[in-house]
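Laboratory data are not the source of any read-out in this text; all were calculated from the coordinates shown. Keep in mind that what you see is a predicted model, and the values were worked out from it rather than measured. When we count neighbours, we look across all protein chains shown, and the Cβ atoms used for this are built from the backbone with ideal geometry, even at glycine.
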């Protein structure tokens with residue numbers, strides 16, 4: 001009996017490992033919204049990390065989070081470090097490149113709960129009096145992360161936060177006198 005249970009457990013574990021090995025080596029999560037505001041106004045809310053954190057959904061998940069800013073005031077070299085609860089984790093975001101008023105590139109370096117380095121991109125595409133804003137994150141997926149991704153859908157988990165953040169960005173940018 002115990003031998004049969006042991007064999008079933010080994011086969012299940014082997015199946016999970018084989019399935020994980022077939023998963024992609026990279027991931028990408030992306031959401032887009034339309035904001036009735038000029039790209040310059042929206043860009044200013046992303047390119048300055050102090051202003052970024054007025055609508056960033058992760059900054060709202062832990063009101064007691066420890067935060068610090070360093071480097072440039074905005075744009076390339078601006079850095080934000082955070083140490084929060086289990087909903088936020090610990091790490092930093094640094095602006096690595098900007099193309100005003102069209103794009104802001106960042107690097108997210110998580111140190112807890114799991115070490116990870118991911119690229120973040122905000123793209124602003126003006127069309128008349130509306131600007132389409134895309135928030136994307138992509139990066140490598142280690143083998144242990146592939147196993148986790150079998151049970152937790154990264155797109156659904158992070159995508160919901162991106163949607164909430166973009167909704168807050170939209171509200172701020174469209175508010176009279178906002179931005």
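Scanning for something assigned to a loop (DSSP other than H, G, I, E, B), touching a residue at least 24 places away in the same chain (Cβ under 8 Å) and surrounded by 14 or more Cβ atoms within 10 Å (Cβ to Cβ), does the range 147-168 turn up at least one residue?
Start the filter on the range 147-168 by keeping residues that are assigned to a loop (DSSP other than H, G, I, E, B), which leaves 152-153.
From what's left, touching a residue at least 24 places away in the same chain (Cβ under 8 Å): none.
There is no residue in the range 147-168 that is assigned to a loop (DSSP other than H, G, I, E, B), touching a residue at least 24 places away in the same chain (Cβ under 8 Å) and surrounded by 14 or more Cβ atoms within 10 Å (Cβ to Cβ).
Inside the range 6-40, can you point out the residues that are over 28 Å from residue 142 (Cβ atoms) and without any contact (Cβ under 8 Å) to a residue 24 or more places away in the chain?
6, 7
Among the residues of the range 52-74, how many are surrounded by fewer than 16 Cβ atoms within 10 Å (Cβ to Cβ) and touching a helix residue (DSSP H, G or I) at 6+ places or on another chain (Cβ under 7 Å)?
Selection size over the range 52-74: 2.
Residue check: is residue 76 outside any helix (DSSP H, G or I) and at negative phi? Steps first, please.
Details: outside any helix (DSSP H, G or I): yes; at negative phi: yes.
Here the answer is yes, as residue 76 does meet what is asked.
Which of the residues spanning the range 101-138 are in contact with a helix residue (DSSP H, G or I) (Cβ under 6 Å, 6 or more places away or on another chain) and outside any strand (DSSP E or B)?
The one that is in contact with a helix residue (DSSP H, G or I) (Cβ under 6 Å, 6 or more places away or on another chain) and outside any strand (DSSP E or B): 101.
Would you call residue 43 touching a strand residue (DSSP E or B) at 6+ places or on another chain (Cβ under 9 Å), in contact (Cβ under 8 Å) with a residue 12 or more places away in the chain and part of a strand (DSSP E or B)? Full working, then the answer.
Details: touching a strand residue (DSSP E or B) at 6+ places or on another chain (Cβ under 9 Å): yes; in contact (Cβ under 8 Å) with a residue 12 or more places away in the chain: yes; part of a strand (DSSP E or B): no.
For residue 43, the condition - touching a strand residue (DSSP E or B) at 6+ places or on another chain (Cβ under 9 Å), in contact (Cβ under 8 Å) with a residue 12 or more places away in the chain and part of a strand (DSSP E or B) - is not met.
With respect to residue 69, is the statement that it is over 23 Å from residue 140 (Cα atoms) and part of a strand (DSSP E or B) true? Before the answer, list the steps.
Numbers: over 23 Å from residue 140 (Cα atoms): yes; part of a strand (DSSP E or B): yes.
For residue 69, the condition - over 23 Å from residue 140 (Cα atoms) and part of a strand (DSSP E or B) - is met.
Among residues belonging to the range 15-40 that are part of a helix (DSSP H, G or I) and surrounded by fewer than 17 Cβ atoms within 10 Å (Cβ to Cβ), point out the one that is nearest to the chain's Cα centre (by Cα).
40
Tell me, yes or no, whether the range 101-111 has at least one residue that is out of contact with any strand residue (DSSP E or B) (no Cβ under 7 Å at 6 or more places or on another chain) and crowded, with 17+ Cβ neighbours inside 10 Å.
Residues of the range 101-111 out of contact with any strand residue (DSSP E or B) (no Cβ under 7 Å at 6 or more places or on another chain): none.
No; the residues of the range 101-111 include none that is out of contact with any strand residue (DSSP E or B) (no Cβ under 7 Å at 6 or more places or on another chain) and crowded, with 17+ Cβ neighbours inside 10 Å.
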